[in-house]
1. For Thr52, tell me the accessible area in Å² from a 1.4 Å probe, rounded to the nearest 10.
2. Could I have the simple spin-label model distance between Ile98 and Val2, label points 7 Å from Cα toward Cβ, reported in nm to one decimal?
3. In Å, what Kirkwood hydrodynamic radius results for the chain from the alpha-carbon pair distances?
4. Which of the aspartates and glutamates could be linked to Lys86 by a straight reach, that is with a Cα gap under 19 Å, when you skip same-chain ones fewer than 8 residues away?
5. For Asn58 and Leu45 in the same chain, what is the full-extension length gain: residue separation times 0.36 nm, less their Cα-Cα distance, in nm?
6. Sticking with the crude label model, points 7 Å out along Cα→Cβ, report the distance from Lys86 to Ser27 in nm, one decimal please.
7. Could you give each residue of the stretch 108-113 its phi-based ³J(HN,Hα) in whole Hz, using Karplus coefficients 6.51, -1.76, 1.60 with θ = phi - 60°, and x for Gly or Pro?
8. Using only protein heavy atoms and a 1.4 Å probe, report how much of Asp61 is accessible, in Å² to the nearest 10.
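The values are calculated or read from the model by the stated rules, or taken from the named source; none is laboratory data. Keep in mind that this is a model prediction, so the values were computed, not measured. Cβ atoms come from the backbone with ideal geometry, glycine included; neighbour counts cover every protein chain shown. SASA here: full protein model, heavy atoms, side chains in, ligands and nucleic acids out. Shrake-Rupley method; radii C 1.70, N 1.55, O 1.52, S 1.80 Å.
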Amino acid sequence: QVRLLESGGGLVQPGGSLRLSCAGPGSVFKSAAMEWYRQTPGKQLDLVASITSDGNTNYTDSVKGRFTISRDNAKNTLYLQMNSLKPEDTAVYYCSAITSPRRWGRGTQVTVSP
């Protein structure tokens, strides 16, 4: 089974921006809803944002107004634009496709620090 592949993580100062990307097979992007999760060491995996196949979005309260999830089905790519980053956004970010079985990427580290 082909995994998803995240990219775009890195080290950024508070208040900065990053854009995460998630590439996957066309069969996934054709019809699956997609999600971004994040996880810090010793904590559970938290849902950050989701987007349906036709573009409806939802966000966890802590990122509303700062993060934007989007998808380009023609490019088989999911995005997470993260603005006004805070130290508490530091985590490994994972993309996931709601397929059967669910598909996951390996994650990309985002570190927000002065």
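1. 50
2. Label at Ile98, label at Val2, 2.2 nm between them.
3. 14.0
4. The qualifying aspartates and glutamates are Asp46, Asp61.
5. That works out to 3.0 nm of additional length.
6. Taking the two extended label points, one gets 4.1 nm.
7. Couplings: 9, 7, 10, 10, 10, 7 Hz.
8. Taking all protein chains as shown, Asp61 has close to 120 Å².
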